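K.L.:
What follows is a structure written as C-alpha cells; I'll ask about it next.
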Amino acid sequence: MTEIRLSADLSVDAIEYASRANAILGIRDSGKTYTGTLIAEQLFVAGIPFFAFDPIGRWRFLRLPSKDGGPKARGFPVVVAGGSAPDLPLTPDDAPKLIRAAMASGVSVVIDLYSVKLSKADWRKIVKGCFEVILYENEGHGLRHVFLEEAGEFIPQKVFDTATYAAVEKTTRMGGNVGVGVTLINPRAEGVNKEVLELCENLLLHRQTGKNSLTSLEKWLKIANVKPPKEITDSLADLPTGKCWAWFKEIGKPKLITIARKQSFDANRRDMAKIKGTGTSAGRVDVSEFVARMKTALAGKPVRPLTEGFVVKGGRNQGPSQIKERPAPPVSMIKKQEAQVDEKEARALRAENEELKRKVARLEGKQSRDQPAAHVPMSANGEPLDMDTIYAEVKRRAAADPGILRLLTEKPEIEMTVERKSIQVDGSSLKGRIAKLITVGFFDEGKTQSGTRSELKRTGSDVNQGNLWKTLAALVADGFLTLESGKEYRVVEDMKINVVEK
Ligand SMILES: Nc1ncnc2c1ncn2[C@@H]1O[C@H](COP(=O)(O)OP(=O)(O)OP(=O)(O)O)[C@@H](O)[C@H]1O
Ligand SMILES: [Mg+2]
C-alpha cells in the first residue's frame, strides 16, 4: 500500500486520498499551500499524476528542491503552464487541449493562473474548460488528482457563473467514478459553496477564525457525523502555522497533526518575487522530456502514458525510465464510490451525456458532408508526416510572401445570444450614485452596506439606512450586484450602466 505521510503520526492510503473529494481550509498564511504541495509530492511518488490550478503562483516551485538541502530535498518534474516563465503557454482557449494532452501522456501539470494577462473571467473559463475535460475524458486514463487553490473564486457561496460552478461541482461529486479526486483549497469555510464543501469526505483544517467560518465548519462536521470536541473549536483560532486538525473518513476521529517536511522548495513571498518561473538553481528538475511528451500528445500523435497502470517508485532524480507497475485500485473502493452516487442524479447525468452525444453526432454528420474525412498523412515511404515541421515551413513561406496563401476553414458553431437588461438611472438619485460607484470599480472586491454608506457620505450627502438597503436590494434583484454571504455586495461582470448627468 502506497501512503501519503501527512505527519509523523498520520499516514493515509494514497489511492484512497487521490480518488476522493478533500478540502484544505485555513486563514491566510496558515499553511494550506504547504500542506497541498506536500500531498502533491507524495501523489507523484505514488505514480498518481495531478493537476494544480494555482491563482497565486506558488505551485511552480515544486520543481526546485527544498532550501534546507537535506538528504531528502528534491524537485519534481511537473510541467508548468502559464505564469512568469512557463514551459507551455496558457490561454483560456488552449487550456483544455493542454489538459487533454497531459492526461494522454500521464504528466502532472501546474496551471499557473498568476498573470496580468488573465482576468478572473479568464481564470473561470480555464477552470471550467479543464474540469469538463477532466471529468468527461479521464475514464481509461487511470487515477488522477486535481488541486484547486482559491476554490471560492470558482465555487462561491452565491453562484453567479453557473457553468464554472457546475463543472467543479460535478467533478467533486462524480469524479470518483472516472478515477478523479479533488482537493479544494480556500481560506474561509463560508467562502466555498456549502453544497460542494459538504461533498468533501476528508478535511484538513488549519488556523480558522471568524464566527461565519466556524458555523460553516460545524455544519460540515454535522454532515460528516463528527461531533467536534470542545478542544477543537477552542484551539482553531490559535493553531500555529503547519499544524492542523485532520478528519479522514476512514479514521473517523479528528486528529491534531504537525504537517511533515516537504522535499521541494517552500517559497515565501520574497522568494516568489525574486525567483522567475521555476528558477535557475542547480537543483532545478529538467522537464524537457515531459514537455516533449505533452507536445507529442498536443500534436495528436500517439504517446504511451507515463503512469497508466504504473507507479513511479520513490527516490531522487526519478524519471520515466524508473517506472514500476502499480496495482489497480481495489474493487471494493470503486464499488463504494458507485454506491455513493445518487441514482436519480446518475440517471440525469446519463441522459445529459446521451443528449451531448446526439448533438456531437449531428455536428459531425454535418462536418463530414461538408469536408473530406480526416486521415493521417503519410510520406511516399509510408512514414507518418511530421505535421509540426510542415506547418512551420508553410508558415515561414506564407510570411515571406503573404500574397500566396489564403486558407479558409469552416467549422460548425453553436451561437448563443445573451439578452441583457438595460436600466437607465438618474445620476443624482441614490440608485444613480450607487451606479456611479459600480462604474468606478468600488464594488469589484465586495463591499458591505455600511462601507457603501461611508463612501456615499465621503463623496456627497449622507443617505438613509433603510433607503440604502432597499436600493442595494433592487440592484441585486436587477442582476447588477450580488450579495455575498449575506453581507457583501459585489459587482456582476459585464453589466452595462448608463449614468445620466443632470
Ligand atoms: N508545515 C509547515 N512547515 C514549515 N513552514 C510552513 C508550514 N506550513 C506553512 N509554512 C510557512 O508558512 C508560510 C505560509 O504558508 P502557506 O503559504 O502554505 O499558507 P497559506 O495558508 O497557503 O496562505 P495563503 O492563504 O496566503 O495562500 C509559508 O511561507 C511557509 O513557509
Ligand atoms: Mg496558499
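K.L.:
Within the range 244-274, restricting attention to residues that are basic (K, R), within 12 Å of ligand 1 (Cβ to nearest atom) and in contact with a helix residue (DSSP H, G or I) (Cβ under 9 Å, 6 or more places away or on another chain), which residue is least open to solvent (accessible area, probe 1.4 Å)? Full working, then the answer.
P.N.:
Residues of the range 244-274 basic (K, R): 249, 253, 255, 261-262, 269-270, 274.
Now drop any that are not within 12 Å of ligand 1 (Cβ to nearest atom), which leaves 261-262, 269-270.
Applying the additional criterion that residues be in contact with a helix residue (DSSP H, G or I) (Cβ under 9 Å, 6 or more places away or on another chain) yields 261-262.
Values: R261: 172, K262: 18 Å².
Going through the qualifying residues, I end up with K262.
K.L.:
Here is a further query. Residue check, F154 against (1) at pLDDT 95 or above; (2) open to solvent by 30 Å² or more (accessible area, probe 1.4 Å); (3) within 25 Å of V476 (Cα to Cα), all met but one. Which one?
P.N.:
In the conditions (1) at pLDDT 95 or above; (2) open to solvent by 30 Å² or more (accessible area, probe 1.4 Å); (3) within 25 Å of V476 (Cα to Cα), F154 misses (2) alone.
K.L.:
M103 passes all but one of (1) in contact with an Asp or Glu (Cβ under 9 Å, 6 or more places away or on another chain); (2) in a helix (DSSP H, G or I); (3) within 16 Å of ligand 2 (Cβ to nearest atom); which number fails?
P.N.:
(3)
K.L.:
What residue, among those in the range 1-15 that are touching a helix residue (DSSP H, G or I) at 6+ places or on another chain (Cβ under 9 Å) and within 16 Å of ligand 1 (Cβ to nearest atom), is most open to solvent (accessible area, probe 1.4 Å)?
P.N.:
Per the stated criteria, the residue is R5.
K.L.:
Ok, one more. Which count do you get for residues in the range 122-142 that are over 13 Å from the mean Cα position of the chain (by Cα) and either open to solvent by less than 10 Å² (accessible area, probe 1.4 Å) or within 22 Å of R60 (Cα to Cα) (or both)?
P.N.:
Qualifying residue count for the region: 1.
K.L.:
Continuing with this model, one more query. Going through the range 42-87 one residue at a time, which ones are surrounded by fewer than 19 Cβ atoms within 10 Å (Cβ to Cβ) and either among the β-branched types (V, I, T) or not in a loop (DSSP other than H, G, I, E, B) (or both)?
P.N.:
Of everything in the range 42-87, just one residue is surrounded by fewer than 19 Cβ atoms within 10 Å (Cβ to Cβ) and either among the β-branched types (V, I, T) or not in a loop (DSSP other than H, G, I, E, B) (or both), namely I56.
K.L.:
Can you run down the residue pairs with Cβ atoms below 6 Å, 6 or more apart or on separate chains, where the first is in the range 36-59 and away from ligand 1 (no atom under 16 Å from the Cβ) and the partner is of a type in the set (D, E, K, R)?
P.N.:
Between residues of the range 36-59 that are away from ligand 1 (no atom under 16 Å from the Cβ) and residues that are of a type in the set (D, E, K, R), the close pairs are G47/R326; P49/R144.
K.L.:
For the range 105-162, enumerate the residues that are of a type in the set (D, E, K, R) and in contact with a helix residue (DSSP H, G or I) (Cβ under 6 Å, 6 or more places away or on another chain).
P.N.:
Taking the range 105-162 first, the residues of a type in the set (D, E, K, R) are 112, 117, 120, 122, 124-125, 128, 132, 137, 139, 144, 149-150, 153, 158, 161.
Across the range 105-162, the qualifying residues are D112, R124, K128, E132, E139, D161.
K.L.:
I want to confirm something. Restricting to the range 16-35 and keeping residues that are of a type in the set (S, T, Y), assigned to a helix (DSSP H, G or I) and within 9 Å of ligand 1 (Cβ to nearest atom), which single residue is farthest from C200 (Cα to Cα)?
P.N.:
Taking the range 16-35 as the starting set, the residues that turn out to be of a type in the set (S, T, Y) are 17, 19, 30, 33-35.
Still in the running and assigned to a helix (DSSP H, G or I): 17, 19, 33-35.
After this cut, where a residue has to be within 9 Å of ligand 1 (Cβ to nearest atom) as well, the list is 33-35.
On the way: T33: 18, Y34: 20, T35: 17 Å.
Applying the filter and picking the extreme gives Y34.
K.L.:
When you look at T171, is it closer than 22 Å to V491 by Cα, more than 16 Å from ligand 2 (Cβ to nearest atom) and among the β-branched types (V, I, T), yes or no? Can you show your working first?
P.N.:
On the way: closer than 22 Å to V491 by Cα: no; more than 16 Å from ligand 2 (Cβ to nearest atom): yes; among the β-branched types (V, I, T): yes.
Criteria not met by T171.
K.L.:
Scan the range 440-494 for residues that are among the acidic types (D, E), more than 22 Å from K211 (Cβ to Cβ) and surrounded by 14 or more Cβ atoms within 10 Å (Cβ to Cβ) and jot them down. Show your work before the answer.
P.N.:
Looking only at the range 440-494, we keep the residues that are among the acidic types (D, E), and these are 444-445, 455, 462, 478, 484, 488, 493-494.
Within this subset, residues satisfying the condition of being more than 22 Å from K211 (Cβ to Cβ) are 444, 455, 462, 478, 493-494.
Result: E455, single match.
The values are calculated or read from the model by the stated rules, or taken from the named source; none is laboratory data. These figures come from a predicted structure and were not determined experimentally. Using ideal geometry, Cβ is built from the backbone for each residue, glycine included, and neighbour counts are taken over all protein chains shown. The protein model used for the area step is the full one, side chains on, heavy atoms only, and it has no ligands, DNA or RNA in it. Shrake-Rupley method; radii C 1.70, N 1.55, O 1.52, S 1.80 Å.
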